[in-house]
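A.B. asks: Just passing along the structure, written as structure tokens.
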Amino acid sequence: MTPSGTNPDGAGQEKPAGGAGSDRGASPAWELLLPAVSAPARTRGRSLQAALREAVRSGRLPPGTRLPSSRDLAADLGVSRGLVTEAYEQLTAEGYLRSGRGAGTWVGGAVRAAPPRARDLAPRSPGTEADFVAGTPDLSLFPRAAWAAAQRDVLARLPHDDLGYPDPRGLPRLRTALAELLTRRRGVVADAERLVVVSGVAQATSLLGFVLHARGVREVGVEDPGSPQHGALYASAGVTTVPVPLDGEGLRIEALRGSGLRAVTATPSHQFPTGIAYSARRRAELLDWARSVDGLVLEDDYDGDFRYDRAPVGALQGLDPEHVAYAGSVSKSLAPGLRLGWLLVPRSLAEEVVERKRTMDLGHPALDQALFARFVERGDYDRQLRRCQRAYRERRDTLVASLAEDFPGAKLTGIAAGLHVIAALPARYGPEERFLARVRAAGVAVRPLSAYTHARAEHGDGYDGVRLVLGYAHLSPGRIRAGVRLMATAV
């Protein structure tokens with residue numbers, strides 16, 4: 001099936017790929033097409049075209065290959081000449097083949113062979129005995145039965161019009177349900193008219209980045225240490241992130257004031273990764289700063305529902321909805337793969353955010369919105385939150401007890417909340433580089449607190465031990481105990 005010449009214009013001595021008068025030592029073209037012509041008569045033409053198209057895409061018919069005449073190929077396949085002629089004409093029109101008067105039909109050069117399979121670029125930790133990397137919930141807790149029931153109900157009742165292009169803010173039904181939920185659970189000022197349904201906090205951050213950039217803002221502050229994702233998200237909108245240091249109460253306001261910034265992203269209810277909750281004084285100071293510069297705080301409430309020692313601290317947005325944009329999602333409570341979240345914006349930004357959302361994706365999938373609205377309205381989401389909270393509290397307790405047993409002298413910092421802890425191990429377990437090398441060699445995936453620090457040279461505090469960010473939500477109590485023991489054995 002390979003050409004014997006190299007001149008794609010037919011001036012050389014290329015041989016046809018099978019058919020009468022061709023080199024029978026080559027793999028004949030019709031062998032690729034035989035399954036297609038065995039299809040039922042009504043679909044035989046489409047099947048022949050699809051088989052020929054795939055042969056070109058896969059490289060089995062490489063560019064420059066001359067095909068048999070329509071008469072010869074039809075005879076070899078046992079089909080009508082018209083069927084082959086139609087297939088040749090269709091693929092020529094699509095660019096897979098080319099032909100010229102008196103020059104025959106050839107495989108065109110525009111097509112490149114497709115890769116053999118699609119790669120999976122989802123984040124994984126392959127080959128690990130224990131994975132303590134923070135950020136993943138227990139996906140086995142996803143409420144499949146309740147979700148399936150909601151899906152059946154929604155499909156049966158959803159008006160046809162709701163399957164059209166939605167309001168870019170989201171379906172009114174979902175925005176109303178979310179406004180009630182967030183007011184009740186997180187203490188926000190939730191106006192459904194300023195609530196935008198998004199595909200997670202990542203899109204909420206990008207949306208605000210684009211709007212701020214359009215307003216002339218070129219820099220946004222981020223917590224240091226903080227989430228490494230914020231930098232790339234803002235960069236995609238042409239905005240640079242500036243690290244702002246923390247202390248035990250939250251963002252250092254004097255550093256924020258000295259930076260000249262007018263926008264900052266924060267996680268005040270449960271700071272990631274240090275695990276602190278902003279003090280009441282620091283929350284007030286942060287809002288005073290925002291008012292003084294007519295600025296904006298993007299509040300990332302990524303796990304605000306999960307507090308284990310007391311009721312969760314209410315969202316910062318509830319204190320000043322005109323200077324705080326509030327973002328959250330179901331990534332920790334249901335599953336990150338749902339790509340479903342919300343963004344509450346100040347009135348002054350609402351129109352620009354909605355227009356940017358419209359041009360970005362024409363709105364979130366309507367069926368997913370209707371399903372989640374029903375899930376919230378029926379109380380299923382509240383039940384799921386309670387279920388997750390019980391499971392994650394048990395796992396945190398297990399991790400705390402295991403660290404006390406296998407790493408004597410270890411100290412945990414931060415509040416009893418969320419899906420991770422900060423463990424400060426004594427100096428005898430250091431230096432950090434050696435500790436990390438040993439536990440990774442033992443098959444334990446773990447990240448140090450220093451991995452989340454942006455401006456490391458400025459924030460060294462002389463601590464000689466090892467500080468780890470340990471995620472536990474996705475691990476069973478048994479796997480937590482075994483993982484900590486394996487880590488202790490390795491060092």
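The values are calculated or read from the model by the stated rules, or taken from the named source; none is laboratory data. It should be emphasised that the depicted structure is a prediction, and the values quoted were computed from it without experimental measurement. Because the Cβ atoms are built from the backbone with ideal geometry, glycine has one as well, and the counts that use them run over all protein chains shown. Side chains are part of the model used for accessible areas, which takes the heavy atoms of the whole protein and leaves out ligands, DNA and RNA. Shrake-Rupley method; radii C 1.70, N 1.55, O 1.52, S 1.80 Å.
A.B. asks: Rounded to whole Å and sorted largest first, what semi-axes of the equivalent ellipsoid does the C-alpha gyration tensor of segment 311-370 yield via the square root of 5 times each eigenvalue?
C.D. replies: Working: eigenvalues 95, 79, 10 Å².
Semi-axes from the Cα gyration tensor: 22, 20, 7 Å.
A.B. asks: Based on DSSP H runs of at least 4 residues, each adding -39500 (n - 2.57), what is the mean residue ellipticity at 222 nm of the chain after dividing by all its residues, to the nearest 500 deg cm²/dmol?
C.D. replies: Details: 15 runs with 193 residues, N = 491.
For the chain, the value works out to -12500 deg cm²/dmol.
A.B. asks: Suppose all protein chains stay in the model; what accessible area per residue would a 1.4 Å probe give for the chain, in Å²? Could you put the intermediate results ahead of the total?
C.D. replies: Details: 22770 Å² over 491 residues.
With all protein chains present, the chain gives 46 Å² per residue.
A.B. asks: Is segment 98-222 best put as rounded, prolate or oblate by its Cα gyration tensor, with a ≥ b ≥ c the root eigenvalues, rounded for a/c under 1.5, and otherwise prolate when a/b is larger than b/c, oblate when not? List each step's numbers first, then the result.
C.D. replies: On the way: a/c = 1.68, a/b = 1.59, b/c = 1.05.
Prolate.
A.B. asks: Another question about this same structure. Could you calculate the FRET efficiency of Ser279 with Arg42 from 1/(1 + (r/R0)^6), where r is the beta carbon distance between them and R0 is 60 Å, rounded to 0.05?
C.D. replies: Numbers: r = 74 Å, r/R0 = 1.23.
Step by step, r from the Cβ atoms, then E = 0.25.
A.B. asks: Where the accessible area of the chain is counted over protein heavy atoms with a 1.4 Å probe, how much of it, in %, is carbon and sulfur? Working shown, then result.
C.D. replies: Values: 11430 of 22770 Å².
That fraction is 50 percent.
A.B. asks: Give me the distance between the Cα centres of segment 30-45 and segment 170-202, rounded to whole Å.
C.D. replies: That distance is 54 Å.
A.B. asks: Another question about this same structure. How much of Val37 can a 1.4 Å solvent probe reach, expressed as accessible area in Å² and rounded to 10?
C.D. replies: 20 Å²
A.B. asks: Kirkwood hydrodynamic radius, segment 337-491, all distinct C-alpha pairs: what's the number in Å?
C.D. replies: For segment 337-491, inverting the mean 1/r across all distinct Cα pairs yields 19.0 Å.
A.B. asks: How far, in degrees from 0 to 90, does helix 201-214 lean away from the longest principal axis of the Cα atoms of the chain, to the nearest 10?
C.D. replies: Between the helix axis and the principal axis of the chain, the angle is about 90 degrees.
A.B. asks: How high is the FRET efficiency from Ser259 to Met360, r the C-beta distance, R0 25 Å, rounded to 0.05? If you can, show how the numbers build up before the last one.
C.D. replies: Numbers: r = 29 Å, r/R0 = 1.16.
Computed FRET efficiency for Ser259 and Met360: 0.30.
A.B. asks: Now, a different point. Under 1.5 on a/c is rounded, so check that first for segment 177-267, then, if it is not, pick prolate when a/b is larger than b/c and oblate when it is not; a ≥ b ≥ c are the square roots of the alpha carbon gyration tensor eigenvalues.
C.D. replies: Working: a/c = 2.02, a/b = 1.35, b/c = 1.49.
In terms of gyration-tensor shape, oblate.
A.B. asks: Per 5 Å bin, what percent of the C-alpha pairs of segment 286-406 does each bin hold, from zero upward?
C.D. replies: Computed distribution, short to long bins: 2, 9, 14, 17, 17, 16, 11, 8, 4, 2, 1.
A.B. asks: Another question, then. Work out how far the C-alpha atoms of segment 249-341 reach from end to end along every principal axis, then list the three figures in whole Å, largest first.
C.D. replies: Its Cα atoms span 39, 29, 22 Å along the three principal axes.
A.B. asks: If you average the C-alpha positions of segment 204-257 and of segment 92-114 separately, how far apart do those two centres end up, in angstrom?
C.D. replies: Between the Cα centres of segment 204-257 and segment 92-114 lies a distance of 52 Å.
A.B. asks: Another question, if that's okay. What spacing in nm lies between the two simple spin-label points modelled at Asp191 and Arg428, each 7 Å away from Cα in the Cβ direction?
C.D. replies: The answer from the label model is 6.0 nm.
A.B. asks: Give the value in nm², to one decimal: projected area of the alpha carbon convex hull of segment 360-403, averaged over all directions.
C.D. replies: Details: hull surface 20.0 nm².
Averaged projected hull area, Cα only: 5.0 nm².
A.B. asks: Please identify the chymotrypsin sites (Phe, Trp or Tyr not before Pro) of segment 401-491 that satisfy two criteria: DSSP loop assignment and at most 14 other Cβ atoms within 10 Å. Which are they? Write down the numbers at each step before the final one.
C.D. replies: On the way: sites: Tyr429, Phe435, Tyr452, Tyr463, Tyr472; in loops: Tyr463, Tyr472.
Loop-located and lightly packed - Tyr463.
A.B. asks: In what sequence, highest mean first, do 364-375, 478-489 appear when ranked by Cβ atoms within 10 angstrom? Intermediate values should be presented prior to the final figure.
C.D. replies: Working: 364-375: 21.8, 478-489: 18.7.
Descending mean neighbour count gives 364-375, 478-489.
A.B. asks: Further, regarding this structure: Out of segment 112-208, which GluC sites (Glu not before Pro) are coil in DSSP terms and have no more than 16 other C-beta atoms within 10 Å?
C.D. replies: Within segment 112-208, the qualifying GluC sites (Glu not before Pro) (loop, at most 16 other Cβ atoms within 10 Å) are Glu129.
A.B. asks: Rounded to the nearest 0.05, what FRET efficiency is calculated for Glu405 and Glu351 with R0 set to 56 Å and r the Cβ-Cβ distance?
C.D. replies: Calculated value: 0.50.
A.B. asks: I would also like to ask the following. Out of the DSSP beta bridges found with both residues in the chain, what percent are antiparallel (nearest 5)?
C.D. replies: 60 percent
A.B. asks: Also: With a/c under 1.5 counting as rounded, go ahead and sort the chain into rounded, prolate or oblate using the C-alpha gyration tensor (a ≥ b ≥ c being the square roots of the eigenvalues; past the cut-off, prolate if a/b is larger than b/c, else oblate).
C.D. replies: Numbers: a/c = 2.32, a/b = 1.87, b/c = 1.24.
Prolate shape, in that a/c is at least 1.5 and a/b is the bigger ratio.
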